[in-house]
Amino acid sequence: MNTGTVLLTNVLRRRRRSLDGAWRVIVDPYETGYVGIMGGRNDRGYFRDWSARSPSDRIEYDFDTSPTLEVPGDWTTQRDELRYYEGTVWYRRRFSADERAGHRMFLHVGAANHRCRVFLDGDELATHEGGFSPFAVELTGRLGGEHSLVCQVDNRRRPDAVPAMRTDWWNDGGITRSVDLVEVPETFLADAWVTMAPDGRLVGGGRLDGPDAAGAAVDLTIGSATTSTVRSGSDGSFELDLDAPTELERWAPGRPVLHDVTWMAGDDAIADEVGFRTVRTDGNRILVNDEPTFLRGISIHAEAPIRGGRAHGLAEARQLLGWAEDLGANFVRLAHYQHDEHMVREADRRGLLAWCELPVYWGIDFGSASTLADALDQADELVARDRSRASVILWSVANETPPSEERTAFLGSLVDRVRSLDPTRLTTAALFTMPTTERTHHVDDPFGELVDVVAVNQYLGWYYAEVDDVAGHEWTTAFGKPVIFSELGAGARQGHHGPADHRWTEEFQVAVYEAQLAMLDHVPDLAGLSPWILTDFRTPLRVLPGIQDGWNRKGLISDRGIRKAAFETLRRYYAERSR
């Protein structure tokens, strides 16, 4: 579980100093750098970052002469010998820093997969679990001169973790997103968020941290006019609920109006850009700003275009979302875990709607209290970071989990937590539909009662059913709620051509898409779709030589950035849908 970490939001808008770049690393499959030969903590471990002071010293490691890995980045794609490695890698970065009077310093890590211990100058400060979410560690009172920062990163899969033992994406290890030193005033806004509720009011809140946090005045300014002042409680937390200014122009899909927003409390100020829009359901429709909105979507993994590896940074967010726009999408499903913050901020700027998801995936131990606690922590980190983002309209708590009482209770706890953190957005999860010989499908998973939008993954024409028969299949649900087909599609290797009934050809992928899209036109509660997937992505589950070679080939764009024929098939469908 997490110890010694805190959650800071709005970090991209803070005074910060990047620690990105080349870090010295030691690969440690036996975890010798932390565990002694008798199984206890090794107090002479690698985290000490010791060097031999004389020829007689016995120091059996040396960061200074060890190789480097780039941060941010995964070790999987940086060094071929680590492609399948699962275990510990020690990262070391030396830096110089001094503290200013009246200020505090935090180390902020965008993501480290899956578990990360943080040490400064040999002292163990924190442990974080969850490979896709950000965390921070306070360094105040410890800085002055040159320092050794060591992170022990362990990507081993565990049956009681989230995700668990089996995923259809690569188990990248490493510090996969940016690392920064963040400076804040002594009392500061650890969290501050604002969004628009379904009734058009502005709601939000946050938390002050520091000696003057209790009873402090917090000012929110939108544009050039001060909109509200609230007071924090005894614990530093505060809430916001007020009428929106009548002149406040709304953010909308394809019309991304962002407003300058400033939070101020004492010596602290955060400037942000926020869009304001409403989202709700009405029967089987999704309404954005009270307008029925069909979600013309595409699923996206955090797979870096062209170079491969875990995606990070603004440039790769622009590349991926630019391809989604070229497709005619107004909606992206960011699967199956929390993506880089640049993705949702860029979606805000482009007017794209977004679905954000927890990595509650195959094989979760739904009866484990510690597994639930892990998932709840990740829900906190997912929602808190992005609840000011107008693009985000759907929180998804899971993907493809088989129904059971334990599972439904587990996911229900996540839905409750997400709604307590943000009651303004819709909840969902991608439900699992099993193969059937029937041509009629009735979705009655009990979890559908607990969410706002019913989402269904199905692969008629690919994993089951004949392509020629797909268009005639019918779908109903027990819930009278909007339905999103969150996954559909077929695999094809780009450039592999042949008859439309030959699997793995681009022609076969087109045939499946055409049949699926024809079928969807007759689904009565259909509110959108997000086919699987924008680009090919790496996964050790896909091993067919000459075709997959470690890649899931369901992408509409190849791993080299080349569009397959089915890209145009879906683009034409969306062009018709948008008229």
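The values are calculated or read from the model by the stated rules, or taken from the named source; none is laboratory data. Not measured: the values here are computed from a predicted model. Quick reminder, even Gly has a Cβ in these numbers, built from the backbone with ideal geometry, and neighbours come from all protein chains shown. Protein only, heavy atoms only, side chains kept; ligands, DNA and RNA dropped before computing areas. Shrake-Rupley method; radii C 1.70, N 1.55, O 1.52, S 1.80 Å.
Residues whose amide H falls under 5 Å from that of LEU353, counting only those 5 or more places apart or on a different chain, are PHE331, VAL332, with hydrogens built in the peptide plane.
Taking amide H positions as modeled 1.01 Å from N, with prolines and chain starts lacking one, the residues under 5 Å from THR535 and 5 or more places away or on another chain are HIS301, LEU556, ILE557. The stretch 412-444 and the stretch 130-170 have Cα centres lying 29 Å from one another. Relative protection proxy for 499-508, 390-399, from highest mean packing down: 390-399, 499-508 (other beta-carbon atoms within 10 angstrom).
Each Lys or Arg adds one and each Asp or Glu takes one away; over the other residues whose Cβ falls under 15 Å from the Cβ of PHE331, this sums to +3.
Within the accessible area of the stretch 1-54, the carbon and sulfur atoms contribute 51%, probe 1.4 Å, all protein chains present. Rounded, prolate or oblate: which fits the stretch 483-553, taking a ≥ b ≥ c as square roots of the Cα gyration tensor eigenvalues, rounded meaning a/c under 1.5, else prolate when a/b beats b/c? Judged from the Cα gyration tensor, the stretch 483-553 comes out oblate (a/c at least 1.5, b/c at or above a/b).
Rounded, prolate or oblate: pick one for the stretch 356-491, where a ≥ b ≥ c are the square roots of the eigenvalues of its C-alpha gyration tensor, a/c under 1.5 means rounded, and failing that, prolate if a/b is larger than b/c, else oblate.
Details: a/c = 2.09, a/b = 1.69, b/c = 1.23.
It comes out prolate by the Cα gyration axes.
Where does the chain land at 222 nm, in deg cm²/dmol rounded to the nearest 500, when only DSSP H runs of n ≥ 4 count, each adding -39500 (n - 2.57), divided by all residues?
Details: 8 runs with 95 residues, N = 579.
That comes out to -5000 deg cm²/dmol.
Sorted on the mean count of surrounding Cβ atoms within 10 Å across their residues, most packed first, peptides 533-544, 180-191 read 180-191, 533-544.
Express the accessible area of the chain per residue in Å², computed with a 1.4 Å probe while the remaining protein chains stay in the model.
Details: 21960 Å² over 579 residues.
With all protein chains present, the chain gives 38 Å² per residue.
Give, as a single signed number, the net charge of other residues whose beta carbon lies under 14 Å from the beta carbon of GLY461, with Lys and Arg counted +1 and Asp and Glu -1. Net charge around GLY461: -4.
By the gyration tensor of its Cα atoms, with a ≥ b ≥ c the square roots of the eigenvalues, what is the shape of the chain: rounded for a/c under 1.5, prolate for a/b over b/c, or oblate?
Values: a/c = 1.92, a/b = 1.24, b/c = 1.55.
Verdict is oblate for the chain.
In the stretch 165-304, what percent of the accessible surface is made up of carbon and sulfur (1.4 Å probe, ligands and nucleic acids excluded)?
Carbon with sulfur: 42 percent of the solvent-accessible area.
Under the membrane-span-like helix rule (DSSP H runs whose alpha carbons stretch at least 18 Å along the helix axis, mean Kyte-Doolittle hydropathy 0.0 or higher), the chain yields 506-520.
With all protein chains in place and a 1.4 Å probe, the accessible surface of the stretch 398-489 carries 52 percent carbon and sulfur. Taking GluC sites (Glu not before Pro) across the stretch 354-441, the ones in a DSSP loop with at most 16 further Cβ atoms lying within 10 angstrom of their Cβ are GLU438.
Near ARG280, within a Cβ-to-Cβ distance under 10 Å, what is the net charge of the other residues, with Lys and Arg +1 and Asp and Glu -1?
For residues surrounding ARG280, the net value is -2.
Here's how it looks for TYR337: its modeled amide H is under 5 Å from those of GLU357, which are all 5 or more places away or on a different chain.
The 3J(HN,Hα) values that the Karplus relation (6.51, -1.76, 1.60; θ = phi - 60°) gives for the stretch 112-127 are, in residue order, 9, 9, 9, 10, 9, 9, 10, 10, 10, 6, x, 8, 7, 10, 6, 9 Hz. Gly and Pro appear as x.
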